[in-house]
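What follows is a single structure, written as structure tokens, with notes after it.
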Amino acid sequence: MVNIQKFFKSQDDETVREVLPLLPLRDIVVFPHMVAPLFVGRNKSVNALSNAMAGDKRIFLATQTNAGVDNPTETDISTIGVIGTVLQLLRLPDGTVKALIEGKQRARVLRYVPNTDYFEVELAPLPDIPGDAIETEALIRTVMESFNAYARINKNISRELLAKMGAIADPSKLADSVASHFSFKLENKQRLLETADLPRRISLLIELINLEIEVFQMDQRIKGRVKEQMEKTQKNYYLNEQMRAIKKEMGTDDEMSDELKVLEQKIKRKRLSKEASTKVAQELKKLKLMTPMSAEATVVRNYIDWIISLPWFNRSRIQTDLETAENILNEDHYGLEKPKERILEYLAVQSLVKKLRGPILCLVGPPGVGKTSLARSVARATGRKFVRLSLGGVRDEAEIRGHRRTYIGAMPGKIIQSLKKVGVNNPVFCLDEVDKMTMDFRGDPSSALLEVLDPEQNCSFNDHYLDLDYDLSDILFITTANTLSDIPLPLQDRMEVIRLSGYTEPEKHSIATNFLVPKQIEANGLTLENIVFAKDAIDALIQRYTREAGVRNLERTIAAVCRKTARKVAGEKNGEQHIISATAIAPMLGPPPFKIGQIEEKDQIGLVTGLAWTQVGGELLGVETLTMPGKGRVNVTGKLGDVMKESAQAAVSFVRSRADNLGIDADFYKNLDLHIHIPEGAIPKDGPSAGIAMCTAIVSALTRRPVRRDVAMTGEITLRGRVLPIGGLKEKLLAAHRGGVRKVIIPAENEKDLKDIPATVTDQMEVVRVTHMDEVLGHALVLESGERLFVDCSTPLPVSVSKETTEPAPVALN
């Protein structure tokens, strides 16, 4: 301390002095680079903080030599402290103040400035006195070794803190930071703060850390001896044995013994896996040693009950008669040839092979096409039991794999719970809405499904609660989804994807006649003597009262007609028959919300019918283009995505490059503005498949040639005019068929997808394959007699169906 004062005196003339408010501290020493929360209640201290906040927020922090003094004087406050910065100040309701202060620099008090409101001092910075560099480096290494040794025995020191300390290069900052994390005595901390000589300060810190390690180890040894002497489990065991002996003498232990005997008999009768038998035997042995009313006994008992209630080897007898299975599938569902064929293939192989792992199918399609009901029919056709698990909104991985038994109220996951409920280990397991799962901080349930749906791994599925391997390989898993893109790629890779497209109008008519109408007539208490649906009535419901890919809304409208008819029948006495015709529907359901067909009434300039894919099927997509005097600006509207806007730019560039061939002024882009709009602006739209439609609309607007109203088109355009393939062709052609389109222009590379289109659609439409934009313009624009554009498009290209198959990607309108 004497040497330091001498150093101050020799440096006074060179030291920058400043005047700051002083905040006396009790029971704490603040080091440089240390952030400390302080509760301040004394008036002078509150005034000092207020003065600091009014200025540059700097304040001097010094520790009282005697913490018990409420009104300290100059002699009660240490002369060496830390200059700090007030980071945050919060005034509490009781008048006290909570302050968050960060230490910045050591300083010493030169003199006290007279001030009655608070302590104010003149300060001089206290710089570090560096020592030999090699010696300092050696001391720093020793400090880190001692700190690491302390962290190994004190679990409150985190690895992140160790890494943070190890990253500090400044020896002074490292010593202060390490010291701030120890609960040294107040006088030792003050000694560290007052030591300006860096090697001496680090040496003192090492001594204090080693002393702290010895004290901590001694404290742990004392606690260990006390714990060994008063071991609670040994005491409880001794008392339990005494109570058991007393009950046995009194004859009151029979009830518990009988229950354990019944449980033991259940275990002997139950066929379990080798691992499960060993585990149950261990748990039963523990249960016998516990008191019946203890919490642990309840946990063990529940665990044993779960194990013996699972269908480890219980199986349903599988129906392998292909003709019976095919009849059942056809009875329940109209169409859906692909999934039916796949199920029949599985049954055929099952009849030839004794052991066959169940397939994992993923049915993807719009709402209302019968995905979940098809899974139920598969169970009926194969003679298996059916169990369904809805995954919509599931966001916790434990829903699939369960919780570990250490948690209160832990249970197995939904997979194991469903198997217990169904009672066999080879059911048809429908995982509904697999694309609706979400992920949050609790985990990713789709990742947990990877093991469940992997044929190579699910033979040893390990639930967290059971902690036993369970064989799921005999289960026929069927998952359902509306969009494939929302399913993670690793999960897609484990499933066989089968697409279910929207129904055509003839298919809907057959479904309504054979399935929906009889179902709703019976559900509403009617008979064929009360109500009969005419053919034109069902056609009107399909065309004018519903617009969907499936038949869910169609069933609702049929139910509405049946309810209104039931009301009439209930009020009648003679019970006459009601014939529901097309003209009788409007008084029941009101004006029809849809028109039959959506094509325009006449050919128009700049208006093209495009085709879009949505989650509920295909839609007709109008593309409008206007020209107006301007400076060549291209405006694209309709809530379009980036890909669709780029397609519009590509179309404009192609038209500019072919302006001479099209008879368009080569400088049109200098004098005209183009506005491209896709109606229904509130609906987001994206994808490249509207490229040729936008290009055709631009050419029509610039050449003033109308576009044929009965022509629809889909395809991506390149800068050179090539027409590239698109996805969702089946849904788009079905939409064109519903809308009354006579000719559809598609990319030639999509010819292979035409094999999936029903003949009832292709027979009523002309499907034209194109490879270049020149062909599109020839088919779409209304040309004068003898007028040609680039190529002869008067004869449509032949349509042939390739045997190749591709899965259409979900693009365009979302």
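The values are calculated or read from the model by the stated rules, or taken from the named source; none is laboratory data. Because the structure is a prediction, the values reported are computed rather than measured. Here the Cβ is made from the backbone with ideal geometry for all residues, glycine too, and neighbour counts use every protein chain on show. Ligands, DNA and RNA are stripped out before the accessible areas are found, and what is left, the full protein with its side chains, is counted by its heavy atoms. Shrake-Rupley method; radii C 1.70, N 1.55, O 1.52, S 1.80 Å.
Of the numbered conditions (1) modelled with pLDDT under 85; (2) under 30 Å from residue 31 (Cβ atoms), residue 238 satisfies every one except a single condition; which is it?
(2)
With respect to residue 306, determine if the residue is in a loop (DSSP other than H, G, I, E, B), open to solvent by 10 Å² or more (accessible area, probe 1.4 Å), hydrophobic (A, V, I, L, M, F, W, C) and out of contact with any Gly (no Cβ under 8 Å at 6 or more places or on another chain). Walk me through how you get there before you give the answer.
Values: in a loop (DSSP other than H, G, I, E, B): no; open to solvent by 10 Å² or more (accessible area, probe 1.4 Å): yes; hydrophobic (A, V, I, L, M, F, W, C): yes; out of contact with any Gly (no Cβ under 8 Å at 6 or more places or on another chain): yes.
Against the criterion (in a loop (DSSP other than H, G, I, E, B), open to solvent by 10 Å² or more (accessible area, probe 1.4 Å), hydrophobic (A, V, I, L, M, F, W, C) and out of contact with any Gly (no Cβ under 8 Å at 6 or more places or on another chain)), residue 306 does not qualify.
Show me the strands (runs of 3 or more DSSP E) entirely contained within region 523-614 in which 1 or more residues are under 30 Å from residue 717 (Cα atoms), within 46 Å of the chain's Cα centre (by Cα) and not small (Gly, Ala, Ser).
On the way: elements: 531-533, 578-580, 607-614.
Counting at least 1 such residues, we get 607-614.
Looking only at region 332-342, filter to residues that are open to solvent by less than 30 Å² (accessible area, probe 1.4 Å) and out of contact with any strand residue (DSSP E or B) (no Cβ under 8 Å at 6 or more places or on another chain); which one of those is nearest to residue 760 (Cα to Cα)?
Of region 332-342, the ones open to solvent by less than 30 Å² (accessible area, probe 1.4 Å) are 333, 335-336, 339-340.
Then drop every residue that is not out of contact with any strand residue (DSSP E or B) (no Cβ under 8 Å at 6 or more places or on another chain), which leaves 333, 335-336, 340.
Values: 333: 19, 335: 13, 336: 15, 340: 21 Å.
Residue satisfying both the conditions and the ranking: 335.
Find the residue count for region 504-519, including only residues that are in contact with a helix residue (DSSP H, G or I) (Cβ under 7 Å, 6 or more places away or on another chain) and more than 17 Å from residue 581 (Cα to Cα).
Step one: list which residues in region 504-519 are in contact with a helix residue (DSSP H, G or I) (Cβ under 7 Å, 6 or more places away or on another chain), which gives 504-506, 508-509, 512-513, 516-517.
Okay, now just the ones that are also more than 17 Å from residue 581 (Cα to Cα), so 504-506, 508.
The number of residues fulfilling the criteria is 4.
Considering region 276-303 alone, what residues qualify as being among the β-branched types (Val, Ile, Thr) and loosely packed, with under 15 Cβ neighbours inside 10 Å? Give the derivation first.
First, the residues of region 276-303 that are among the β-branched types (Val, Ile, Thr): 278, 280, 291, 298-300.
Within region 276-303, 278, 291, 298 qualify.
Quick one: which residue in 670, 645 is basic (Lys, Arg), part of a helix (DSSP H, G or I), without any contact (Cβ under 8 Å) to a residue 24 or more places away in the chain and open to solvent by 70 Å² or more (accessible area, probe 1.4 Å)? So that I can check it myself, show each step before the final result.
Values: 670 fails: without any contact (Cβ under 8 Å) to a residue 24 or more places away in the chain.
Only one candidate qualifies: 645.
Give region 21-64 a look and list any residue that's over 50 Å from the mean Cα position of the chain (by Cα), in a strand (DSSP E or B) and not aliphatic (A, V, I, L, M), or say none.
Once the filter is applied, which keeps residues that are over 50 Å from the mean Cα position of the chain (by Cα), in a strand (DSSP E or B) and not aliphatic (A, V, I, L, M), region 21-64 yields 21, 24, 60, 63, 64.
Taking region 703-726 only, how many residues are open to solvent by 30 Å² or more (accessible area, probe 1.4 Å), of a type in the set (A, V, I, L, M) and in contact (Cβ under 8 Å) with a residue 60 or more places away in the chain?
Residues in region 703-726 being open to solvent by 30 Å² or more (accessible area, probe 1.4 Å), of a type in the set (A, V, I, L, M) and in contact (Cβ under 8 Å) with a residue 60 or more places away in the chain: 1 in total.
Suppose we keep only residues that are of a type in the set (Val, Ile, Thr) and out of contact with any strand residue (DSSP E or B) (no Cβ under 6 Å at 6 or more places or on another chain) within region 351-401. Which one would you say is nearest to residue 476 (Cα to Cα)?
Narrowing region 351-401 to residues of a type in the set (Val, Ile, Thr): 353, 360, 364, 369, 372, 378, 382, 387, 394, 400.
From what's left, out of contact with any strand residue (DSSP E or B) (no Cβ under 6 Å at 6 or more places or on another chain): 353, 369, 382, 394, 400.
Values: 353: 16, 369: 21, 382: 10, 394: 22, 400: 17 Å.
My answer is 382.
Please work out which one of (1) out of contact with any helix residue (DSSP H, G or I) (no Cβ under 7 Å at 6 or more places or on another chain); (2) within 23 Å of residue 361 (Cβ to Cβ); (3) surrounded by fewer than 21 Cβ atoms within 10 Å (Cβ to Cβ) is the condition residue 408 fails and give its number.
Of everything listed in (1) out of contact with any helix residue (DSSP H, G or I) (no Cβ under 7 Å at 6 or more places or on another chain); (2) within 23 Å of residue 361 (Cβ to Cβ); (3) surrounded by fewer than 21 Cβ atoms within 10 Å (Cβ to Cβ), residue 408 misses just condition (2).
Between a residue in region 733-749 that is in contact (Cβ under 8 Å) with a residue 60 or more places away in the chain and any residue that is in a helix (DSSP H, G or I) and surrounded by fewer than 24 Cβ atoms within 10 Å (Cβ to Cβ), which pairs come within a Cβ distance under 6 Å, given they are 6 or more apart or on different chains?
The qualifying pairs are 733/761; 737/761.
Here is a list: 363, 356, 329. Which entry is at pLDDT 85 or above, surrounded by 14 or more Cβ atoms within 10 Å (Cβ to Cβ) and within 23 Å of residue 452 (Cα to Cα)?
Values: 356 fails: at pLDDT 85 or above; 329 fails: within 23 Å of residue 452 (Cα to Cα).
Of the residues listed, the single one that is at pLDDT 85 or above, surrounded by 14 or more Cβ atoms within 10 Å (Cβ to Cβ) and within 23 Å of residue 452 (Cα to Cα) is 363.
If you take the residues of region 13-49 that are under 23 Å from residue 110 (Cα atoms) and polar (S, T, N, Q), which of them is least open to solvent (accessible area, probe 1.4 Å)?
Going through the qualifying residues, I end up with 45.
Residues are listed down the side, and each one gets a yes or a no for (1) among the hydrophobic types (A, V, I, L, M, F, W, C); (2) within 27 Å of residue 755 (Cβ to Cβ):
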| residue | (1), (2) |
| --- | --- |
| 493 | no, yes |
| 497 | yes, yes |
| 522 | no, no |
| 563 | no, no |
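Could you tell me whether residue 755 is in contact with a Phe, Trp or Tyr (Cβ under 7 Å, 6 or more places away or on another chain) and modelled with pLDDT under 90? Steps first, please.
Details: in contact with a Phe, Trp or Tyr (Cβ under 7 Å, 6 or more places away or on another chain): no; modelled with pLDDT under 90: yes.
No: the conditions fail for residue 755.
Inspect all residues belonging to region 729-748 and state whether any of them is hydrophobic (A, V, I, L, M, F, W, C), open to solvent by less than 10 Å² (accessible area, probe 1.4 Å) and in a loop (DSSP other than H, G, I, E, B).
yes
Provide a single number: the residues in region 153-193 that are without any contact (Cβ under 8 Å) to a residue 12 or more places away in the chain and open to solvent by less than 40 Å² (accessible area, probe 1.4 Å).
Matching residues across region 153-193 total 1.
Looking at this structure, is residue 77 open to solvent by less than 80 Å² (accessible area, probe 1.4 Å) and under 13 Å from residue 109 (Cα atoms)?
Details: open to solvent by less than 80 Å² (accessible area, probe 1.4 Å): yes; under 13 Å from residue 109 (Cα atoms): yes.
Taking the combined requirement at face value, the residue satisfies it.
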